Structures are given as structure tokens and as C-alpha cells.
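The structure appears right after this line, and notes come after that.
The values are calculated or read from the model by the stated rules, or taken from the named source; none is laboratory data. The structure presented is a predicted model; accordingly, all values stated were derived computationally and were not measured. Every residue, glycine among them, receives a Cβ derived from its backbone with ideal geometry; neighbour counts consider all protein chains shown. All accessible areas refer to the heavy atoms of the entire protein, side chains included, with ligands and DNA or RNA removed. Shrake-Rupley method; radii C 1.70, N 1.55, O 1.52, S 1.80 Å.
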Amino acid sequence: MNIEGKVALITGAGHVMGIGYAIVRQLLGKRVKGVGILDINDENGREVLDILQNEFGEHRVIYVNCDVTSKTDLEGAFEKVKTHFGKLDIVCNNAGIQNEVNWELTLNINLMGTIRGTYLALEHMGVNYGGSGGIVINTASIAGIMTTSHLPVYGASKHGIVAFTRSIASNRTFKENKIRVSAFCPAKVDTPIQD
Ligand SMILES: NC(=O)c1ccc[n+]([C@@H]2O[C@H](COP(=O)([O-])OP(=O)(O)OC[C@H]3O[C@@H](n4cnc5c(N)ncnc54)[C@H](O)[C@@H]3O)[C@@H](O)[C@H]2O)c1
Ligand SMILES: *[C@@H]1O[C@H](CO)[C@@H](O)[C@H](O)[C@H]1NC(C)=O
């Protein structure tokens, strides 16, 4: 797939050891025009911004502080990325945590953050909203397909992402707006999420 010249937005890509950061590196390597990284951890975010700007050019990456549990935050961040690069083509809903104690937060970030991001993608890329269409890629997990007795709510959040993505992928509104939606389900990857 040729993604040269496209503009991407990704949530939870603020750590050098994370999956999101690896996605950003791939996108930049395949010569997208620009990437907006959204994360809640500014210290880590500034670190990845520094590395990526040095390696790929300072005009191709921006970092935006954003808590995906806040619709206002997320909406503002979409606007910032779109204004900065002039358009938006690819949205990756990737932010996620594994917190079984504060399980409400796990659902709010993993599942509701992904739903918020997918609906905002429709409004910011849909052809009936003045956009030219685009793609949404949600980070689910093997925990969205199989049982995870040690992480029950995390598993529920990821099953939710899979169910939501499969339904939205065949939703007429999204089709009419030329938005393709998909999810991928990684198995265990050595990242800071377990910390
Ligand atoms: N590591 C694995 O084994 C694995 C396997 C399958 C799926 N995943 C999924 O991959 C995604 C990325 O996780 P990772 O493993 O790279 O870990 P990670 O901790 O490096 O990435 C998660 C990122 O999300 C950010 N974040 C947390 N809360 C946020 C919020 N409220 N708003 C915005 N950003 C927030 C964190 O600061 C962090 O940078 C997650 O959705 C995770 O569930 C991970
Ligand atoms: C598509 O999803 C939207 C929510 O985004 C819903 O309101 C609508 O009814 C769905 N449309 C169809 C045709 O299924």
C-alpha cells in the first residue's frame, strides 16, 4: 500500500519501547508527509519527538498532549494535527493500559478512547464532512479473541474493540464517508505496558 504523502495521527505512541512508536517509525519510513503523536506522558513524548525529528526531519512529526478519556482533549488534538499538516488520512487508536484495580479507567482508555477516536476520525476525514476519506486502525490484542483470566477487564476492553471495529467496518455511514476501519491483535510484545 502506498502511503506516501499521507498524514497520520496516533494515540499512545509516546514511549520508545512501545508498539505505537514502532508504528510511527514504519509510517515515516514509508514516507508519510507527517505524523501527530498524542500521549498523556509529556516527558516520554518529548523524548520520542526529539529522536524522530532528528532522524526523519523536524517538520514531519509533532507531539500533542492528549488524554484519550477526554473528548475535548481528543477533539483539540485532531484539530491541531489537521491544521498543522493541512489534512488527515490515517488514525491509529493505540493508547492502552492494563489496570485491573482501576478497571473503569481501563475501559475508558482502551475501549471508550478507541470509540471516541473512531467517531472523531469520521468527522475529520469523512467525505460528507469535507474530508477525502481515510483509514482507522485500532490496536486490539490477542486478549480480544482469547480469555485472559489474569486480566479480565483488559480482556473485556479488547473484546469490545474487536466487536466495535467489526461492526463499524461494515457500517453504511462509514462506507459512504469512505472510511475503512480495521483492528489488529498482537500477542505479547515486550513494552512498558506491564509495568
Ligand atoms: N505489549 C503487549 O504485549 C501488547 C499486546 C497486545 C496489544 N497491546 C496494545 O498495544 C497498545 C500499546 O501498548 P504498548 O504495549 O506499546 O505499551 P505502552 O505503555 O508503551 O503504550 C501505551 C501508551 O499509551 C499512553 N497512554 C496511557 N493512558 C493514556 C491516555 N489516557 N491518553 C493518551 N495516552 C495514554 C501511555 O503513556 C503509553 O505511551 C495498547 O493498546 C495495548 O493494549 C499490547
Ligand atoms: C452506523 O453507525 C452509527 C453510529 O456511528 C449509527 O448511528 C448508525 O445507525 C449506523 N448506520 C447503519 C446504516 O448501520
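Here the sum of -39500 (n - 2.57) over DSSP H runs of 4 or more residues, divided by the residues of the chain, equals -13000 deg cm²/dmol at 222 nm, to the nearest 500.
Cross-link reach is defined here as a Cα-Cα straight distance under 21 Å, omitting same-chain residues fewer than 8 places apart; for Lys82 the lysines meeting it are Lys6, Lys30, Lys33, Lys71, Lys178. Label separation (Thr72 vs Asn54): 3.7 nm, computed from points 7 Å beyond Cα along the C-beta direction.
Could you name the aspartates and glutamates in cross-link range of Lys80, using Cα to Cα under 18 Å and dropping any fewer than eight places away on the same chain? List returned: Asp39, Asp42, Glu58, Asp67, Asp89, Glu123. Give me the percent of the accessible area of the chain that comes from carbon and sulfur atoms, probe 1.4 Å, all protein chains in place. The nonpolar share, carbon plus sulfur, comes to 53 percent. Here the Karplus curve 6.51 cos²θ - 1.76 cosθ + 1.60, taken at θ = phi - 60°, turns the phi angles of the stretch 140-155 into couplings of 8, 5, 4, 5, x, 10, 10, 7, 9, 5, 7, 9, x, 6, 4, x Hz, with x standing for Gly and Pro. Net length available on complete extension from Arg180 to Glu123 is 19.2 nm, with 0.36 nm assigned per residue and the Cα-Cα distance removed.
Residues whose amide H falls under 5 Å from that of Cys92, counting only those 5 or more places apart or on a different chain, are Leu9, Ile10, Thr11, Ile137, with hydrogens built in the peptide plane. Amide H neighbours of Gly131 under 5 Å, counting only residues 5+ apart in sequence or on other chains, H built in-plane at 1.01 Å? Under 5 Å from the amide H of Gly131 lie the amide H atoms of Gly126, each far enough along the sequence or on another chain.
When each of the peptides 83-90, 110-117, 40-47 is scored by how many other beta carbons lie within 10 Å of its residues on average, the order from highest to lowest is 110-117, 83-90, 40-47. Only the Cβ atoms of Lys and Arg (+1) and of Asp and Glu (-1) were treated as charged; on that basis the dipole of the chain about its Cα centre amounts to roughly 980 debye. Computed from the C-beta positions of Met1 and Leu105, the FRET efficiency with R₀ = 30 Å rounds to 0.30. Legend: Rg and Dmax of the stretch 67-195, from Cα coordinates, 14.9, 45 Å.
For the stretch 7-183, the solvent-accessible area of protein heavy atoms averages 47 Å² per residue (probe radius 1.4 Å; ligands and nucleic acids excluded). Expressed as a whole percent, the proportion of Cα-Cα pairs in the stretch 32-124 lying more than 19 Å apart is 42%. In the stretch 17-97, a dipole from Cβ-located charges (positive for Lys and Arg, negative for Asp and Glu) runs towards its positive end, and of Val35, Val64, Ala95 it is Val35 whose Cα lies farthest in that direction. Residues whose amide H falls under 5 Å from that of Val181, counting only those 5 or more places apart or on a different chain, are Val136, with hydrogens built in the peptide plane. Using θ = phi - 60° in the Karplus curve 6.51 cos²θ - 1.76 cosθ + 1.60, the 3J(HN,Hα) couplings for the stretch 165-170 round to 5, 5, 5, 5, 4, 10 Hz; x is entered for Gly and Pro. Here the Karplus relation 6.51 cos²θ - 1.76 cosθ + 1.60, evaluated at θ = phi - 60°, turns the backbone of the stretch 58-65 into coupling constants of 6, 8, 9, 9, 10, 10, 10, 5 Hz, with x for every Gly and Pro. Think of each Lys and Arg Cβ as +1 and each Asp and Glu Cβ as -1; about the Cα centre, that makes the dipole of the stretch 103-182 roughly 240 debye.
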